[in-house]
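Right, one structure below, let's go through it.
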Amino acid sequence: MRSNELEVLINWGDTDKAGIVYYPNFFKWFDIAGHQFFRSCNLAPAKLEEERGIIVPLLDVQCTFEKSLLYDDLIIIHTKVEEINRKTIKLRHVIYRDGVRCAQGYELRGWVEKSPEGIKAVIIPEDVKGILNENIETKVDKNRPRFNA
């Protein structure tokens with residue numbers, strides 16, 4: 001299944017008084033990595049909403065913290081489609097520093113139609129499933145500027 005990588009430089013504001021990354025930032029990075037993942041496969045959330053009337057809201061999220069991260073650490077967030085169901089997409093995120101896994105978790109996102117009548121989960125179309133099932137791995141481009149969350 002499709003995957004994407006995002007490089008993030010940890011800022012001072014991401015840390016607590018002890019200089020360790022404050023845990024809600026992992027969820028912020030998962031969200032950013034998820035949006036970047038969708039952009040990498042030409043399914044940018046803004047484009048989905050504009051062209052298809054679809055939004056991809058977060059339904060569930062989980063993170064297991066394995067190693068502390070600190071100010072100025074350069075991390076790679078590897079995002080991969082883990083599961084595609086009828087109306088949901090589960091993205092697996094793994095955070096690495098210097099090749100060592102520091103955290104892992106997932107986001108469960110709905111495939112939701114937005115209309116004047118409201119919102120409702122709808123079946124993910126086959127063309128989207130095909131895109132998400134492609135065996136394409138987008139790696140960090142070392143020549144691009146890194147993302148500062």
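The values are calculated or read from the model by the stated rules, or taken from the named source; none is laboratory data. For clarity, every value in this text was computed on a predicted model and none was experimentally measured. Backbone-built Cβ (ideal geometry, glycine too); neighbour counts: all protein chains shown.
For this structure, a couple of remarks:
- Taken together, the residues in segment 62-91 that are part of a strand (DSSP E or B) and under 13 Å from Tyr23 (Cα atoms) amount to 5.
- Residue list for segment 97-137, filter: more than 14 Å from the chain's Cα centre (by Cα), surrounded by 17 or more Cβ atoms within 10 Å (Cβ to Cβ) and within 24 Å of Tyr22 (Cα to Cα): Arg97, Cys102
- Yes/no for Pro116 being of a type outside the set (Gly, Ala, Ser) and at pLDDT 95 or above: no
- The one condition in (1) under 23 Å from Lys139 (Cα atoms); (2) touching an Asp or Glu at 6+ places or on another chain (Cβ under 7 Å) that Gly53 fails to fulfil: (1)
- The residue that is farthest from the chain's Cα centre (by Cα), among those in segment 36-61 that are part of a strand (DSSP E or B) and over 30 Å from Gly19 (Cα atoms), is Ile54.
- Residues that are in contact (Cβ under 8 Å) with a residue 24 or more places away in the chain, within 19 Å of Arg109 (Cα to Cα) and either surrounded by fewer than 15 Cβ atoms within 10 Å (Cβ to Cβ) or not hydroxyl-bearing (Ser, Thr, Tyr) (or both) are absent from segment 10-19.
Every residue, every condition in (1) touching a Leu at 6+ places or on another chain (Cβ under 6 Å); (2) among the hydrophobic types (A, V, I, L, M, F, W, C); (3) modelled with pLDDT of 95 or more; (4) over 25 Å from Glu137 (Cβ atoms), yes or no:
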position	(1), (2), (3), (4)
Met1	no, yes, no, no
Ser40	no, no, no, no
Ala44	no, yes, yes, no
Pro57	no, no, yes, yes
Val61	no, yes, yes, no
Ile95	no, yes, yes, no
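- Single residue of segment 20-35 satisfying the filter (over 12 Å from the mean Cα position of the chain (by Cα) and in contact (Cβ under 8 Å) with a residue 24 or more places away in the chain) that is farthest from Trp111 (Cα to Cα): Ile20
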